[in-house]
Amino acid sequence: MIIRDVMPAFELYQPTQLRDAFALLDRFGKDAWKMAGGYDSLSWFKDRIKRPKAVVDISGIAELKGIRETADGVEIGALETLTTIERHPVIKAKYRVLADAAAKVAAPQTVEERLYASTLAINGGKYEEAIQAINRVTDFRLWHCLYLASAHAHLGLMEQARASVERLLQIHPDFRLSQVALIEPFRDPADLAHLTDGLHRAGLPE
């Protein structure tokens, strides 16, 4: 018997404009949870420490990103990642202490968190982000192959998509497209349809 610890359900919103994010936060009030790209929140959700009704992912708001050198120093967008700060040439050259600090405090993602990160990215149409998250995984599993194949297919990178399907079938030779919905529940049927559409394009057998 397989026992699954299913994360409590919530509505996911991914605004691209700051005004839309504020509107969502005002709408849901205390039932909203802001997520800005880091995935420490996922462990809290799974452990029931936090149980939001709505998660507002603000990582796609471009006006909150960027690193700009100014006459007074440097401006760093509120959503800029620690990795980008660590590697930015201006930060490395002129603010080495900041670059070193960013490298030390970045929270490593677990395999589970990277998979969930890729799920959010694919459902939000951020295929490159999904691919980056999965490619940092060293212990590839069934779901990593599925999401990687779908993301590549949606980007039109069919050679890479088919390669992921081949890798998947090496792990599970009898796996078929119809089994996707059986091994993992999807709260929103549209998310399942989006994933399986990419897998169909990638050539996963029916």
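The values are calculated or read from the model by the stated rules, or taken from the named source; none is laboratory data. Worth saying up front: this structure is predicted, and the values here are computed from it rather than measured. A quick note on method: Cβ atoms are made from the backbone with ideal geometry, for glycine too, and the neighbour counts reach across all protein chains shown.
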Considering 131, 183, 91, which residue is modelled with pLDDT of 70 or more and out of contact with any strand residue (DSSP E or B) (no Cβ under 8 Å at 6 or more places or on another chain)? 131
Has the range 7-16 got at least one residue that is among the hydrophobic types (A, V, I, L, M, F, W, C) and either touching a strand residue (DSSP E or B) at 6+ places or on another chain (Cβ under 7 Å) or modelled with pLDDT of 90 or more (or both)? yes
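In the range 65-80, what count of residues is obtained for those that are without any contact (Cβ under 8 Å) to a residue 40 or more places away in the chain and within 20 Å of residue 35 (Cα to Cα)?
So the count comes out to 5.
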Of all residues in the range 65-96, which are surrounded by fewer than 16 Cβ atoms within 10 Å (Cβ to Cβ), hydrophobic (A, V, I, L, M, F, W, C) and in a helix (DSSP H, G or I)? 90, 93
